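Notes follow once the structure below has been shown.
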């Protein structure tokens with residue numbers, strides 16, 4: 001047997017080469033890979049020994065040669081292929097061990113130039129990988145160092161079966177596809193290009209999906225412009241395995257608290273905030289968030305945009321939760337909360353604000369395709385609330401209106417939030433009728449409605465929703481505006497002396 005080894009990731013390569021030589025396999029290699037193998041005392045020959053042609057153009061051309069690709073691509077079951085190899089003095093190659101130039105690592109460096117990026121686009125490597133994977137019944141292709149031991153074991157036992165060869169080939173094509181996707185991402189300047197690849201790597205298998213009969217896994221998007229972030233950078237500190245539904249709720253929780261500059265706590269149940277509060281004192285923020293709906297909070301997910309301190313942890317410890325999410329935990333907090341074996345402690349930074357033009361696309365899978373959109377990101381400075389009623393909101397009302405407007409953004413449409421003192425008192429979510437969402441939010445807030453404010457994620461199509469809120473004591477409303485009945489809604493507010501603010505933008509979240 002004859003093998004080519006040319007790897008950027010050299011972990012395990014020397015031991016693998018040594019194992020191949022012990023099996024009598026002849027090895028050809030290039031550049032730094034050859035040097036590291038030779039330095040370990042393992043016999044290896046250069047690619048030029050195979051091709052009879054020197055490496056040229058600063059190494060750009062070294063394996064692009066018929067002696068390489070003829071040896072890889074020839075079908076062993078076709079006598080005419082083997083005859084052509086013999087006629088052209090080409091010997092078959094039986095194994096290709098290749099992984100690619102560190103393009104992603106290179107282009108993520110802050111000062112990288114376009115020339116440097118282009119020089120780190122591997123050409124010969126992907127070509128050899130594709131050739132070997134195409135001919136996998138005859139040629140082993142290995143792109144992942146984690147497969148070295150299994151390949152050696154199979155060879156020592158007499159050979160690699162066709163099923164495993166096929167698995168290695170699939171892995172090889174996917175390896176090249178991820179690599180090509182990264183290059184395309186780097187060169188792309190369009191928000192919605194005509195063709196687009198999405199690169200995903202499995203971070204973990206999950207016990208099941210939304211329900212026990214649904215198999216599931218968590219894949220992390222590989223994007224050269226952002227690196228590992230969000231739940232891709234999640235660190236679990238304690239507790240049972242994180243589930244599919246946990247991840248959905250953790251994401252919703254982080255979306256809820258990440259919009260706030262001040263300390264904030266969100267309590268999430270089934271992807272919606274049943275509690276949310278912002279306060280200079282984190283423990284007080286938690287107490288207020290819990291008061292929003294202490295019954296629904298049971299078994300939910302708590303998220304903080306600040307490190308969890310001991311006063312806050314002591315309050316959290318009084319209620320059963322599935323998970324707590326925060327950027328950090330004080331040492332004593334970990335000692336306290338890890339006592340609960342059923343509680344997942346998760347460390348994740350709040351979702352960062354993206355620079356202009358940097359934000360990723362959001363994808364939603366529908367049968368037959370994907371919907372893509374820019375995320376719902378608006379800086380505080382971009383919000384220009386406009387009072388449309390005779391009465392202006394007071395300073396306290398305006399503060400609560402802005403809080404409620406941020407809160408309603410992360411609640412399922414049709415979304416209504418009742419708030420006071422930067423605390424969510426009640427919410428209505430996911431109802432086909434906006435007025436029903438208002439009824440649910442008011443019912444949840446109860447007597448606390450008096451002196452509160454209301455936020456609606458989209459305009460009111462009729463005055464009926466605001467009228468219900470006014471009867472219950474709501475004194476100010478924030479909504480996008482834009483309904484053909486805006487005039488009727490504004491007149492209703494003026495008759496009752498409440499303040500109404502239009503934002504000019506909506507926050508649908510389906």
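Within the option set 271, 246, being touching a residue at least 60 places away in the same chain (Cβ under 8 Å), more than 15 Å from residue 400 (Cα to Cα), in contact with a strand residue (DSSP E or B) (Cβ under 6 Å, 6 or more places away or on another chain) and surrounded by fewer than 23 Cβ atoms within 10 Å (Cβ to Cβ) holds for one residue only, 246.
Would you pick out the residues in the stretch 373-394 that are in a strand (DSSP E or B) and either surrounded by 14 or more Cβ atoms within 10 Å (Cβ to Cβ) or at pLDDT 90 or above (or both)?
First, the residues of the stretch 373-394 that are in a strand (DSSP E or B): 373, 386-387.
Scanning the stretch 373-394 gives 386, 387.
Checked against the criterion of being in contact (Cβ under 8 Å) with a residue 60 or more places away in the chain, in a helix (DSSP H, G or I) and under 28 Å from the mean Cα position of the chain (by Cα), the stretch 291-309 has no qualifying residue.
The set of residues from the stretch 415-426 being crowded, with 24+ Cβ neighbours inside 10 Å and outside any strand (DSSP E or B) comprises just one member, 415.
Do you know which residues across the stretch 279-290 are surrounded by fewer than 22 Cβ atoms within 10 Å (Cβ to Cβ) and in contact (Cβ under 8 Å) with a residue 60 or more places away in the chain? Matches in the stretch 279-290: 279 only. Reported count of residues in the stretch 191-204, each being closer than 22 Å to residue 243 by Cα and surrounded by 11 or more Cβ atoms within 10 Å (Cβ to Cβ), is 4.
Being without any contact (Cβ under 8 Å) to a residue 60 or more places away in the chain, surrounded by fewer than 20 Cβ atoms within 10 Å (Cβ to Cβ) and over 26 Å from the mean Cα position of the chain (by Cα) is the requirement here; does residue 144 meet it? When the stated conditions are applied, residue 144 does not pass them.
Residue-by-condition table, conditions (1) outside any helix (DSSP H, G or I); (2) touching a residue at least 24 places away in the same chain (Cβ under 8 Å); (3) surrounded by 14 or more Cβ atoms within 10 Å (Cβ to Cβ):
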site	(1), (2), (3)
20	no, yes, yes
27	yes, yes, yes
35	no, no, no
41	yes, no, no
49	no, no, no
58	yes, no, no
63	yes, yes, yes
68	no, yes, yes
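Determine whether the stretch 244-262 contains at least one residue that is in contact with a helix residue (DSSP H, G or I) (Cβ under 8 Å, 6 or more places away or on another chain) and over 30 Å from residue 399 (Cβ atoms). Yes: one or more hits. Is it fair to say residue 107 is crowded, with 16+ Cβ neighbours inside 10 Å and touching a strand residue (DSSP E or B) at 6+ places or on another chain (Cβ under 9 Å)? Answer is no for this residue.
The values are calculated or read from the model by the stated rules, or taken from the named source; none is laboratory data. Treat the numbers as computed from the prediction; the structure is a model and nothing was measured. Cβ atoms come from the backbone with ideal geometry, glycine included; neighbour counts cover every protein chain shown.
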